[in-house]
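The values are calculated or read from the model by the stated rules, or taken from the named source; none is laboratory data. What you are looking at is a predicted structure, and each value in this text was computed from that prediction instead of being measured. So basically every Cβ, Gly included, is an ideal-geometry build from the backbone, and we count neighbours across all protein chains shown.
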Ligand SMILES: [Zn+2]
């Protein structure tokens, strides 16, 4: 940032007293602007027949690639509320949000993914401003080579591996190296 969002004066990038990291500091009004990672809430929506709802992205980044519903958490929301809202916004689907099954940190883009299991309340889903196509898929129909992000790839793997074992586990994953999705696919998941 160049200008203080509180008073409009120029900011300096330096380490404030008592801190360890450089921050955007406004000497006019004294505000220190902290920039922290962003949280993304997501949901793997499961239909009554066990298929999961996938969305083809209609927007950049990764236009045309597939994801489950996920997006930036809004102020004042729980991760479950955010996941339900994103599911409705991206796929028109109404879901009941179940447990959190994965937290994936992605330090190279300063993002934290909180992924929930979800149950579709009915069979309705459809295209939206954010999704050019929505489709219920069995595990063997998932286009693993056309997944939008590594976090989505690993989230789906966790989801299906747990379900195959009849488990509802919790997973933590830290993606510290930036690799394209196809490299994760080649590595076989981990
Ligand atoms: Zn200021």
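Details
- Matching entry among 64, 76, 50, 30 (being within 24 Å of residue 161 (Cβ to Cβ) and either modelled with pLDDT of 95 or more or within 16 Å of the ligand (Cβ to nearest atom) (or both)): 50
- Looking at region 1-95, the strands (runs of 3 or more DSSP E) lying wholly inside it that each contain 3 or more residues that are closer than 30 Å to residue 120 by Cβ sit at 38-46, 52-57, 70-72.
- Of all residues in region 103-125, those being more than 19 Å from residue 60 (Cα to Cα), more than 14 Å from the chain's Cα centre (by Cα) and exposed (fewer than 14 other Cβ atoms within 10 Å of the Cβ) number 4.
- Filter pass, residue 22 being outside the structural domain of residue 111 (by TED's automatic domain parsing), more than 30 Å from residue 142 (Cβ to Cβ) and away from the ligand (no atom under 16 Å from the Cβ): yes
- Residue check for residue 185: touching a residue at least 24 places away in the same chain (Cβ under 8 Å), closer than 17 Å to residue 51 by Cβ and part of a helix (DSSP H, G or I): no
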